[in-house]
2 protein chains.
Amino acid sequence: MPNRALREIPHPATEALSLAAILRTCGEPVRLEMIRLLADAQDELRAGQVVGAVGLPTSTCSYHLRLLREAGVTRTRAVGTERYITLRQDDLDTRFPGLLQVLLAE
Amino acid sequence: MPNRALREIPHPATEALSLAAILRTCGEPVRLEMIRLLADAQDELRAGQVVGAVGLPTSTCSYHLRLLREAGVTRTRAVGTERYITLRQDDLDTRFPGLLQVLLAE
DNA sequence: TCCATAGTTCTAAGATCGTCGAACTACGTT
DNA sequence: AACGTAGTTCGACGATCTTAGAACTATGGA
């Protein structure tokens with residue numbers, strides 16, 4: 001039986017990313033904060049760490065993290081019951097060069 | 001009596017522009033189209049020209065143009081009953097360098 | 001097997017948004 | 001003063017969003 005540590009969590013293909021959808025998604029203070037958190041971490045964060053940092057209920061964070069994932073801003077990897085989240089930096093840089101720098105400026 | 005060709009239309013100060021608000025505003029297909037229209041024009045457009053180009057009712061366009069102005073993306077100048085609209089390119093470049101290039105890419 | 005943990009999904013509520021006709025305002029013309 | 005034009009504002013509607021508790025679904029121990 002193959003390694004199934006990674007659950008099948010759906011992510012949009014890089015070519016399918018929509019600028020308008022990404023802008024809409026990032027134009028929400030909580031989500032922008034999450035993006036900056038992920039960028040500062042320079043590494044993947046466990047969902048629980050994001051929850052702790054933003055201080056909102058788990059269900060609310062789960063909702064925002066789902067929107068970020070569905071817009072193609074983040075990638076989520078499942079290990080057991082945990083979720084590890086990263087920014088899709090390379091994909092975003094490829095598809096919308098300069099966008100991430102703007103989101104993360106200062 | 002002083003020249004009153006310019007009505008007092010409120011615009012947010014450059015320093016007051018909010019990235020989240022701008023992203024939210026630009027993450028709407030109609031408004032993104034308007035931004036590109038204004039950029040392509042290389043000049044100010046009369047509101048009526050924008051209406052003609054996007055093909056939506058005047059009242060709907062007026063609504064979107066108001067949001068763009070309130071977010072600080074555009075500047076509106078009144079001459080008589082007409083409104084002349086420009087992108088706030090310099091202000092946006094100053095405040096969020098790179099943003100406009102991303103919005104206008106291809 | 002039973003239990004705790006991590007996170008998602010469900011559900012419901014209230015808020016905000018996008019659309020567009022109708023009414024209105026401001027200005028120029030006659 | 002009356003009219004036409006350019007554009008805004010109002011009012012209503014349905015649609016989408018944000019929030020958060022409750023119920024649920026893994027998964028990893030004891």
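The values are calculated or read from the model by the stated rules, or taken from the named source; none is laboratory data. Just so we're clear, the structure is a prediction, and the values are computed from it rather than from any experiment. Using ideal geometry, Cβ is built from the backbone for each residue, glycine included, and neighbour counts are taken over all protein chains shown.
Do we find a residue being modelled with pLDDT of 95 or more, within 14 Å of chain B (Cβ to nearest Cβ) and out of contact with any Asp or Glu (no Cβ under 7 Å at 6 or more places or on another chain) anywhere in region A:47-55?
No, that holds for no residue.
If you go through region A:65-77 one residue at a time, how many are farther than 18 Å from A:ALA41 by Cα and either surrounded by 14 or more Cβ atoms within 10 Å (Cβ to Cβ) or in contact (Cβ under 8 Å) with a residue 60 or more places away in the chain (or both)?
4
Being in a helix (DSSP H, G or I), within 16 Å of DNA strand C (Cβ to nearest atom) and either touching a Gly at 6+ places or on another chain (Cβ under 9 Å) or within 13 Å of chain A (Cβ to nearest Cβ) (or both) is the filter here, so list the residues in region B:69-106 that pass it.
The answer is B:ALA71, B:LEU103.
Out of all the residues in region B:28-37, is one or more out of contact with any Gly (no Cβ under 8 Å at 6 or more places or on another chain) and either away from chain A (no Cβ under 14 Å) or at pLDDT below 95 (or both)?
For region B:28-37, residues out of contact with any Gly (no Cβ under 8 Å at 6 or more places or on another chain) and either away from chain A (no Cβ under 14 Å) or at pLDDT below 95 (or both): present.
Can A:ARG46 be described as surrounded by fewer than 20 Cβ atoms within 10 Å (Cβ to Cβ) and within 16 Å of DNA strand C (Cβ to nearest atom)?
yes
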